[in-house]
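This report concerns only the one structure given below.
The values are calculated or read from the model by the stated rules, or taken from the named source; none is laboratory data. Bear in mind the structure is a predicted one, so any value in this text is a computation, not a measurement. Cβ sites come from the backbone with ideal geometry, for glycine too, and all protein chains shown count toward neighbours. Accessible surface areas use protein heavy atoms only, side chains included; no ligands, DNA or RNA. Shrake-Rupley method; radii C 1.70, N 1.55, O 1.52, S 1.80 Å.
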Amino acid sequence: MKAVMYGGGNIGRGFIGLLFSQSGYEVTFVDVVDSVVESLNREKRYPVRYVSTKGKEDIFVGPVAAVHGNNREKVAQSIAEADVMATAVGVRVLKFIAPNIAEGIRRRMQTGGKPLNIIICENLIDADKLLASLIKEQLSEDEKTWFEDNIGLVEASIGRMVPVQTEDMKEGDPLRVCVERYGFLPVDQAAFKGEIPSIKNMVPHIPFGFYIERKLYVHNMGHAVCAYLGDYLGKEFIYQAIDDSDIQYIVENAMLESARAIAKQYHADLYSIFLHTQDLLARFTNKALGDTCARVGGDPTRKLSAKDRLIGSSGLCIEQGIYPAYIFLGTAGAVYQYLKEAGKEQGMENAAFVLREVSKLDETDGRTKGILAFYEKYLKGASVKELKQMAQQMEAEQLGNIV
């Protein structure tokens, strides 16, 4: 059996490629980093290291091979012959790989190939729709029809945390990837075409929106809030930030706001989502991962966009009748970070501009008022404890209004 892993980075090697290999597939990676392609072809295997506060364990993944992403001929042929495929390249890169995928699909059609499922491991709601539109731009009408009938674009929820790999982590092997042990892969069961492939730890689920929103609005949102508050206090690492009792309280309550909203939205068991938040809080303390506040909080423009982890989660909460005071607190931290990184004056006017232009919140949106109220406290140098107390007061006032 053959698998194509488009993207030989941390998630490609440290998670999906590993699961493919453990499921009995020969894995071909597609990447544009010369050193990665050359090393994979030379070594035919690579090490993955599980790290935790209890120690480390190395395993080797193989046999593997690699194809350079600029070699359309070989990439297309690999896709045409694959039994399963996945992408983990980053949302912004999808438009660059779509022509190669389209050519592989074209060859598959011409040779009468069986259906192919492409597991999309990109951190974006509706990533399947985006990739479908990009691929279809490259296809004829007949090819589009075959594509619709035979290619499954399967969204996945990537829960494994894989930090930027430092030279210390690599320990002299540029292919080594250090990861946490968590390794479940929820996927959209309804999106598969033909037989669902047997892949270790893959969890097909309907409706998949539950897992997508749980990942983005609980995991990613909580992680981001932790990062922005950690940065506000001058902490370098996530484990240092979550070690602060006030930050931990804020992060936990922000995640619980989303958890309650998701449970109502999908009529899901709140207790199981609560247990998931507790597991996440414990995983955030993993010192061995060396995950930084800068990495987790990076790209605040994307994280502040209308449907992403901060604005999207608060919107869902409002829809479900839950006042997201702690999410507002974390979002204000993201706005603070955005303006700091942009080198712009961190005044109230610029903060309102960011919410209007980046987050698409107008001045009449109740979320704007809530976020700016916290942002003003950031500007005045409020302590995290004071921010927490303000969120507690907001929450109490809202409960009083409901009563």
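Show me the strands (runs of 3 or more DSSP E) entirely contained within the range 1-79 in which 1 or more residues are open to solvent by less than 60 Å² (accessible area, probe 1.4 Å) and farther than 25 Å from residue 196 by Cα.
26-31, 46-52, 55-61, 64-68
Assess whether residue 254 counts as being in contact with a helix residue (DSSP H, G or I) (Cβ under 6 Å, 6 or more places away or on another chain) and of a type outside the set (S, T, N, Q). So residue 254 fits the description; yes.
With respect to the stated conditions, residue 313 is assigned to a helix (DSSP H, G or I) and of a type in the set (Gly, Ala, Ser). Between a first residue in the range 161-185 that is free of Cβ contacts under 8 Å to residues at least 24 places away in the same chain and within 18 Å of residue 39 (Cβ to Cβ) and a second residue that is of a type in the set (Lys, Arg) and in a strand (DSSP E or B), which pairs have beta carbons less than 9 Å apart while being 6 or more apart in sequence or on different chains? Matching pairs, first to second residue: 171/49.
Among the residues of the range 220-244, what is the count of those that are outside any helix (DSSP H, G or I) and either small (Gly, Ala, Ser) or within 15 Å of residue 384 (Cβ to Cβ) (or both)?
5
For the range 202-240, which residues satisfy the criterion of being open to solvent by 60 Å² or more (accessible area, probe 1.4 Å) and within 28 Å of residue 115 (Cα to Cα)?
206, 207
Number of residues in the range 333-369 that are in a helix (DSSP H, G or I), over 30 Å from residue 267 (Cα atoms) and not charged (D, E, K, R): the value is 15.
Identify all residues within the range 351-371 that are over 21 Å from residue 250 (Cα atoms), open to solvent by less than 50 Å² (accessible area, probe 1.4 Å) and not acidic (Asp, Glu); write none if there are none. Result: 351, 352, 354, 355, 358, 359, 361.
Of all residues in the range 90-117, those being in contact with an Asp or Glu (Cβ under 9 Å, 6 or more places away or on another chain) and on the phi > 0 side of the Ramachandran plot number 1.
Residues in the range 141-163 that are farther than 24 Å from residue 125 by Cβ and surrounded by 12 or more Cβ atoms within 10 Å (Cβ to Cβ): 143, 145, 146, 150.
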